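> The structure is given below, and queries will be raised subsequently.
The values are calculated or read from the model by the stated rules, or taken from the named source; none is laboratory data. Since we're looking at a predicted model, the values are computed, not measured. Here the Cβ positions follow ideal geometry from the backbone for every residue, glycine too, while neighbour counts run over all protein chains shown.
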Amino acid sequence: MSHPLYVAFVWHQHQPLYKSPNSGTSQPISQHYHLPWARLHGTKDYLDLVLILENYPQLHQTFNLVPSLILQLEDYVAGTAFDPYLELTLTSTEQLTPQQRQFIIQHFFDANHHTLIDPHPRYSQLYEQHQEKGEDWCLANWQAQDYDDLLAWHNLAWIDPLFWDDPQIEAWLKQGRNFTLSDRQRIYSKQREIISRIIPQHRKMQERGQIEVTTTPYTHPILPLLADTNSGRVAVPQMTLPLHQFQWAEDIPRHLRKAWDLYVDRFGQIPRGLWPSEQSVSPEVLPYIAQQGFKWICSDEAVLGWSLRHFFHRDGAGNVQEPEILYKPYRLETPHGDLAIVFRDHRLSDLIGFTYGAMAPKQAAADLVGHLEAIAKMHKHRQPEQPWLVTIALDGENCWEFYPQDGKPFLEALYQILSNESHLKLVTVSEFLEKFPATATIKPEQLHSGSWVDGSFTTWIGDPAKNRAWDYLTEARTMLAKHPEATEETNPQAWASLYAAEGSDWFWWFGEGHSSNQDAIFDQLFREHLSGIYKALNEPLPAYLHQPVEVHIPRGDHRPQGFIHPIINGIADEQDWDRAGRLEIGGARGTMHNSSPIQRLWYGVDHLNFYLRVDFQTGVKPGQDLPPELNLLWFYPDRTMHNSPIPLEDVPATAPTNYLFHHHLEIHLPTQSIQFQEAGEHYQWHPRANRAQAALDQCLEVAVPWADLQVPPDYPLRLLLVLADEGRFRQYLPENVLIPIEVP
């Protein structure tokens with residue numbers, strides 16, 4: 001008997017707990033919630049995803065709703081949640097203080113402008129004024145109506161396009177400008193109306209059998225680190241750990257029970273699946289999960305690879321070469337019964353999360369189906385009698401901000417194709433497991449302790465700032481343990497603050513690795529939750545809780561923080577490059593570059609291209625103030641291939657300019673023309689066709705397709721930049737380091 005290829009989409013919906021533990025009737029309403037993202041994503045990302053799917057009833061999927069998200073959505077529906085953005089939205093512009101006007105100018109463009117601002121002419125006009133003339137000009141010249149319109153559009157733009165045919169929303173979109181406070185009040189009411197439909201719609205579709213709803217530990221903690229922070233050393237043996245070991249496994253069943261109870265109350269049935277926060281697992285947490293009653297969990301292919309001591313290889317198209325290992329559930333034995341575990345295909349998940357938003361919707365949908373069809377062919381040839389399950393699991397909210405119309409054209413194109421492909425069958429995870437229970441076994445002690453990020457916990461522990469936060473949490477948890485009379489029944493505020501402080505998101509943003517414009521607010525929220533424990537216990541606050549965990553200042557050099565999708569136009573759009581790596585050049589270090597005409601380099605990747613941006617010092621003109629030729633040279637460490645010296649005259653015979661390189665791309669800056677070469681035998685260079693893009697205006701932006709470089713996924717390479725004039729070497733960048741690149 002041959003099987004179709006089973007595919008399980010799992011969408012993870014999560015927001016950290018933005019509510020201050022000090023919120024109460026005696027507090028100003030603006031201090032209840034520090035940030036608006038539960039509300040704004042609630043109007044844009046949670047309801048439309050299931051409504052679009054509802055039009056394709058034969059397609060089944062799984063949706064994970066984190067308890068901390070559900071609670072916040074319910075607060076907004078009830079009208080009890082207020083955040084600073086909402087408070088300003090509901091304030092008459094005539095009453096705005098100068099500080100409030102400045103906050104509006106700084107933060108009410110917090111959105112991807114390509115997809116959420118540019119499509120709306122009035123919003124785009126205000127954005128262009130802000131970008132071109134600056135904050136001070138806006139403060140000096142904007143009238144009350146400008147603020148009225150900006151406040152309205154910030155809220156309108158976050159309403160999903162699926163709802164634009166609503167008569168009220170359609171009228172606002174056509175109105176475009178001259179909004180009033182009354183308009184904004186009605187927009188807020190519409191937001192609450194949309195949010196109120198989220199949980200009922202999920203419940204209805206689950207009861208009908210089209211979707212499965214799963215849950216996550218209560219406030220999204222990293223369970224293995226609650227059990228023992230020393231688990232960080234499983235993947236990174238030399239990891240620097242916090243000064244004090246956090247070891248409170250007894251908190252694990254508390255988070256699981258609270259998530260379970262909330263789920264049963266909202267959905268009228270017991271949950272079967274658990275999405276461990278950040279797909280983090282370890283042998284120590286399995287018994288607690290099974291004892292609570294969960295039947296299956298989800299993690300990442302990196303965790304499977306570590307567990308089996310197997311590295312997954314991919315072909316040139318990015319498809320796994322050992323599919324029979326990845327595309328099946330595994331059985332985990334525990335003292336409280338078996339758990340099934342499925343492992344997601346990391347690359348297919350990332351294509352949706354980070355790459356397809358930059359492609360035409362139909363092309364992106366066809367590309368994903370093409371990958372699934374290639375897997376289906378392998379299935380037919382290798383194991384047609386064995387059912388395969390391809391798990392695609394990812395964040396179900398943040399990626400859509402980068403898609404046209406919030407992903408609606410992409411999803412509709414994808415679902416239309418899949419509806420007509422009988423050999424591809426979309427199922428919920430539980431549907432598959434009920435029909436095909438896991439038979440392959442991973443012994444509990446064999447299961448790796450890690451997450452979806454490189455199979456480790458380095459995103460949440462090991463950095464000095466992250467470790468400092470763990471030490472603060474350890475001290476607060478120890479203080480609570482010294483008050484046995486403070487139970488959840490007698491002192492619920494102390495425990496609520498503890499659960500919030502144990503959430504993963506604060507540790508994500510501390511230290512190196514991730515950064516946002518709101519790092520200081522996340523820092524403040526973490527310390528507020530810790531302070532809530534001490535206040536509820538009537539204990540004095542440690543002095544350190546009055547100070548930030550770390551100093552939040554703009555950093556110099558940093559590595560990429562995620563995939564980027566810049567438009568190559570030479571404009572230096574900051575949103576396009578905010579997750580890119582950055583290297584400071586001019587005046588930043590060393591004598592050679594103190595007078596460099598180049599100020600900094602930006603670099604990043606997605607699944608389609610390598611991207612480079614070169615910022616010049618003010619007033620610099622290529623061809624006049626710096627050499628006219630920019631050469632990009634790719635070095636492949638530890639790889640056997642043909643390589644050649646830099647094809648320029650007067651090249652210094654010292655590292656790294658005396659390295660041998662495999663690819664060479666020359667950009668003639670005055671004309672923006674591109675020549676591409678590949679090294680061959682006998683140290684020769686051979687011209688090759690290329691599809692690279694370059695644009696020079698306010699800066700130089702370059703995109704080089706991976707297809708031109710012909711390198712497989714997971715391939716390490718390094719880049720050197722060389723300035724030249726009529727074929728003669730002039731300068732190389734960056735100094736003392738090659739730009740590190742990892743092919744996705």
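> Being of a type in the set (D, E, K, R), crowded, with 20+ Cβ neighbours inside 10 Å and over 15 Å from the mean Cα position of the chain (by Cα) is the filter here, so list the residues in the stretch 478-519 that pass it.
Selection gives Glu502 alone.
> Select the strands (runs of 3 or more DSSP E) contained entirely in the stretch 594-670, then report the ones holding at least 2 residues which are β-branched (Val, Ile, Thr) and in contact (Cβ under 8 Å) with a residue 12 or more places away in the chain.
Of the strands (runs of 3 or more DSSP E) lying wholly inside the stretch 594-670, those with at least 2 residues that are β-branched (Val, Ile, Thr) and in contact (Cβ under 8 Å) with a residue 12 or more places away in the chain span 598-605.
> For Ala340, state whether it is within 25 Å of Ala440 (Cβ to Cβ) and not in a loop (DSSP other than H, G, I, E, B).
Yes: the conditions hold for Ala340.
> Can you name the condition, by its number, that Asn230 falls short on among (1) within 18 Å of Gly462 (Cα to Cα); (2) in contact (Cβ under 8 Å) with a residue 60 or more places away in the chain; (3) out of contact with any Pro (no Cβ under 8 Å at 6 or more places or on another chain)?
All conditions pass for Asn230, except number (2).
> Okay, next question. Can you tell me which residue in the stretch 354-373 is nearest to the chain's Cα centre (by Cα), limited to those that are of a type outside the set (A, V, I, L, M) and surrounded by 21 or more Cβ atoms within 10 Å (Cβ to Cβ)?
Phe354
> Moving on. Would you please list the contacts, defined by Cβ atoms under 7 Å and residues six or more apart or on different chains, that run from a residue in the stretch 671-694 that is assigned by TED's automatic domain parsing to the domain that holds Asn631 and farther than 19 Å from Leu648 by Cα to a residue that is in a strand (DSSP E or B) and modelled with pLDDT under 90?
As it stands, the answer is none, since no pair meets every condition given.
> Hey, another quick one. Take the residues in the stretch 292-340 that are free of Cβ contacts under 8 Å to residues at least 40 places away in the same chain and of a type in the set (Phe, Trp, Tyr); name whichever of them is surrounded by the fewest Cβ atoms within 10 Å (Cβ to Cβ).
Only one residue fits best here, namely Phe311.
> Scan the stretch 717-744 for residues that are over 30 Å from Asp315 (Cβ atoms), among the hydrophobic types (A, V, I, L, M, F, W, C) and in contact with a Pro (Cβ under 6 Å, 6 or more places away or on another chain) and jot them down.
Leu723, Ala724
> How many of the residues in the stretch 270-308 are outside any helix (DSSP H, G or I) and touching an Asp or Glu at 6+ places or on another chain (Cβ under 8 Å)?
Of the residues in that region, 2 qualify.
> Can you tell me which of Pro712, Pro740 is within 27 Å of Leu626 (Cβ to Cβ) and in contact (Cβ under 8 Å) with a residue 24 or more places away in the chain?
The conditions single out Pro740.
> Same structure again: Run down Asp183, Asp148 and say which single residue is of a type in the set (Asp, Glu), touching a Lys or Arg at 6+ places or on another chain (Cβ under 9 Å) and either buried (at least 17 other Cβ atoms within 10 Å of the Cβ) or more than 30 Å from Trp11 (Cα to Cα) (or both).
Asp148 is the lone residue from the list that is of a type in the set (Asp, Glu), touching a Lys or Arg at 6+ places or on another chain (Cβ under 9 Å) and either buried (at least 17 other Cβ atoms within 10 Å of the Cβ) or more than 30 Å from Trp11 (Cα to Cα) (or both).
> Condition first: in contact with a strand residue (DSSP E or B) (Cβ under 7 Å, 6 or more places away or on another chain), farther than 17 Å from Phe610 by Cα and aliphatic (A, V, I, L, M). Now tell me which residues in the stretch 642-681 satisfy that.
Hits for the stretch 642-681 are Ile646, Leu648, Val651, Leu660, Leu669, Ala679.
> Follow-up. Could you say which residue among Ala724, Ala692 is within 28 Å of the chain's Cα centre (by Cα) and surrounded by 13 or more Cβ atoms within 10 Å (Cβ to Cβ)?
Ala692
> Working carefully through the options Leu717, Leu733, find the one that is of a type outside the set (D, E, K, R), surrounded by 17 or more Cβ atoms within 10 Å (Cβ to Cβ) and either touching a Cys at 6+ places or on another chain (Cβ under 9 Å) or under 15 Å from Val614 (Cβ atoms) (or both).
That would be Leu733, the only listed residue that is of a type outside the set (D, E, K, R), surrounded by 17 or more Cβ atoms within 10 Å (Cβ to Cβ) and either touching a Cys at 6+ places or on another chain (Cβ under 9 Å) or under 15 Å from Val614 (Cβ atoms) (or both).
> Now for a different question. Restricting the first residue to the stretch 411-424 and requiring it to be farther than 15 Å from Glu373 by Cα, which pairs with a second residue that is among the basic types (Lys, Arg) meet a Cβ separation below 7 Å and a spacing of at least six or different chains?
Ala413/Lys362
> Does Thr671 qualify as being surrounded by fewer than 16 Cβ atoms within 10 Å (Cβ to Cβ), at pLDDT 85 or above, farther than 27 Å from His558 by Cβ and hydroxyl-bearing (Ser, Thr, Tyr)?
yes
> In the stretch 232-247, is there at least one residue being over 29 Å from Val303 (Cα atoms), crowded, with 17+ Cβ neighbours inside 10 Å and in contact with a strand residue (DSSP E or B) (Cβ under 6 Å, 6 or more places away or on another chain)?
Within the stretch 232-247 (the criterion being over 29 Å from Val303 (Cα atoms), crowded, with 17+ Cβ neighbours inside 10 Å and in contact with a strand residue (DSSP E or B) (Cβ under 6 Å, 6 or more places away or on another chain)), the answer is no, since none of the residues qualifies.
> Among all residue pairs at least 6 apart or on different chains, which show Cβ distances below 9 Å where the first residue, located in the stretch 471-486, is over 18 Å from Ala543 (Cα atoms) and the second is part of a helix (DSSP H, G or I)?
Pairs found: His483/Ala494; Ala486/Leu480; Ala486/Ala494; Ala486/Trp495; Ala486/Ala536.
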